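The values are calculated or read from the model by the stated rules, or taken from the named source; none is laboratory data. This is a predicted model, so every value here is computed, not measured. We place every Cβ from the backbone using ideal geometry, glycine too, and count neighbours over all the protein chains shown. All accessible areas refer to the heavy atoms of the entire protein, side chains included, with ligands and DNA or RNA removed. Shrake-Rupley method; radii C 1.70, N 1.55, O 1.52, S 1.80 Å.
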Amino acid sequence: MIVPRLRHIAIIGGGFSGTMTAVNLARLSESPLRITLINHCYPSGRGIAYGTRRPEHLLNVAARNMSAMPDHPNHFVEWLRTRTEFAALSDTELRETFMPRRVYGDYLRSLAHHYARPVDRHARVQIEFRDDEVADIKPEADGARLILASGHNLDADKVILATGNEPPADLPGNDTVANHPGWCANPWLDWESKLPPAGETIVLLGTGLTTVDAIITLLALDWRGTLHAVSRHGLLPQSHFKGTEDPLFPPADVDLASLGLEALADLVETHCERLRAQGANPAMIVDKLRPHTQRIWQTFTDAERREFITRYAARWNVIRHRIAPSIHRQVMTAVDEGRLQISRASIAGVKPLGAKIGIDLRARDGTTSTLEAALAINCTGPHTRFSATRSQLLQNLLASGLAQPDSMNMGVRVESDFTVVERGGHRSSFLLAIGPLLRGTLWESIAVPELRGQSLRVAQTLLDELPAAAARWTDPAEKAVMEYWI
Ligand SMILES: Cc1cc2nc3c(=O)[nH]c(=O)nc-3n(C[C@H](O)[C@H](O)[C@H](O)COP(=O)(O)OP(=O)(O)OC[C@H]3O[C@@H](n4cnc5c(N)ncnc54)[C@H](O)[C@@H]3O)c2cc1C
């Protein structure tokens, strides 16, 4: 009897998306399976967001909506109950708490650990973590070969791209400051070691969530100096609030996804006005749109998507990506006390100025100025022009035609079951993608409430496909073993 090869799934990326895909495969598979999760750069099992070690970095979603498993909505809150430090909180308080992100990282790690080191030696599925960078993928007769930066290769039947967020795009003049001690190109890697002495100036380029992280850390470190944050719109993220229900939006007789951008924008504006007139927070409308966002985005034409990005995305982002009230209070207090200055201007470029970094700004009225910083941190948000990706792996996939950009060039083109579409328009026989790589296809594809559903669905898709592989086994004895396994 020939012993069949164990099915092997390789997952590239060990952030939330990759880790939870591995966990879902392990918990749902009824047959033996080998899973290898390859990750580099950020902590494995945590990724960028939950790899932070800073206790002041909080989740921007309350605990009640942070279960990693869509089929167990209370899972995160129940897991928190295993920790003594939250014992004093009532169930209601616990559910409404914005937990430290590193605690959420512990949650993900503990889920992964459970399957990576199963205590049950009869476990059907085991997960192996590998610290390496996948540099390329080559198709094979029955799957693919992963080429690792370490020089090793790895053969797999199926491969999942869960490579997550890329560091911010380069700014004009980036090359001139790349090795400057006062420049930080990646805000998610250590910049605290570059902290200038008190009395100096730090400039944060961007005013979004990453900037808020940096501000909160500087306040926690009690760094005393001048702190600037600059962006084109100068808008800081808003705070979460306890809203009252608004039964009038969305109107029962309207299919939001079939309206088109212009009519939808008018409808939203009308309802925002109504709420403002009632003294209620219009941000509620964005929350009510959230369950419909992916469907709306998919029915927009590319012209409407581009129009949305140009006209509405900045405002959408500050309302949609809200922050914990305690974090918002700290940021606003820093503004009120003059410790933090917000500038509204375009960043024309960055340049070395001796020991300092010069940031050239252009205001709306055309006036130009230069800010001098002892430390400048690029917090402009993840790079999203997919064809210009700096990932060697993604560049290689584009060059070989194993993947192509989506129609918005924001990520990789996939079919509705997350199978990657090759340059020729064919479904890949082995490659799937999830997470922020699907931003162009779904728009809302970056936060846990969406990613947990994706990681479950992609696991189910793979498990459904694997039995089909058994049909290819022709030796009857061999097939019997496969049928037992799958
Ligand atoms: C600072 C920050 C805070 C956030 N806070 C929240 C929050 O509170 N709540 C919420 O719902 N969402 C939050 N988000 C959104 C967040 O993007 C998602 O929740 C989620 O963490 C994304 O996970 P991911 O696995 O898709 O990507 P990532 O976390 O980016 O992980 C991808 C991993 O893949 C690795 N990788 C990439 N290419 C390769 C390669 N070729 N070979 C090997 N490894 C590779 C990367 O190095 C990285 O470790 C936050 C995002 C950020 C950036």
Integer Hz, Karplus 6.51/-1.76/1.60 couplings in order for region 60-73, x for Gly and Pro:
9, 10, 5, 3, 4, 10, 10, 4, 7, 10, x, 8, 9, x
Kirkwood hydrodynamic radius (Cα pairs, Å) of region 41-157?
16.7
Can you give me the angle between helix 325-336 and the longest principal axis of the chain, using Cα atoms only, in degrees from 0 to 90, rounded to the nearest 10?
30
Expressed as a whole number of Å, what is the distance separating the alpha-carbon centroids of region 77-97 and region 364-430?
39
Would you please give the residues with an amide H less than 5 Å from that of Asp406, counting only those at least 5 places away or on a separate chain, with H modeled from the backbone geometry?
Gly411, Val412, Arg413
How large is the helix-only mean residue ellipticity at 222 nm for the chain, computed as the sum of -39500 (n - 2.57) over DSSP H runs with n ≥ 4, divided by its residue count, in deg cm²/dmol to the nearest 500?
-10000 deg cm²/dmol
Give me the lysines in straight-line cross-link reach of Lys158: C-alpha distance below 29 Å, same-chain residues under 8 apart excluded.
Lys138, Lys479
Karplus-derived HN-Hα couplings along region 44-59 (A = 6.51, B = -1.76, C = 1.60, θ = phi - 60°), whole Hz, x at Gly and Pro:
5, x, 10, x, 5, 5, 9, x, 5, 9, 7, x, 7, 7, 9, 4
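Give the average over all directions of the projected area of the C-alpha convex hull of region 88-217, one decimal, in nm².
Taking a quarter of the hull surface, the average projection is 14.8 nm².
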With all protein chains present, region 256-320 has a carbon and sulfur share of its accessible area (1.4 Å probe) in percent of 54
Starting from the residue with the highest accessible area, list Arg109, Arg364, Arg124 in decreasing order, probe 1.4 Å.
Arg364, Arg124, Arg109
Mind running the shape call on region 2-79? Use the C-alpha gyration tensor, a ≥ b ≥ c as the square roots of the eigenvalues: rounded below 1.5 for a/c, prolate if a/b tops b/c, oblate otherwise.
oblate
Whole number please: convex hull volume per residue, Cα atoms of the chain, in Å³.
178
Between 0 and 90 degrees, rounded to the nearest ten: what's the tilt of helix 101-116 against the longest Cα principal axis of the chain?
10
Taking only protein heavy atoms into account and a 1.4 Å probe, give the accessible area per residue of the chain in Å².
46
Show me the ranking of peptides 16-25, 271-280 by mean Cβ neighbours inside 10 Å, starting with the highest.
16-25, 271-280
Where the centroid of each part is defined by its Cα atoms, how far is region 1-51 from region 217-263 in Å?
34
Out of every Cα pair in region 243-300, what percent are spaced more than 18 Å from each other?
29
If contacts are Cα pairs under 8 angstrom and at least 6 residues apart, what is the relative contact order of the chain in percent?
21
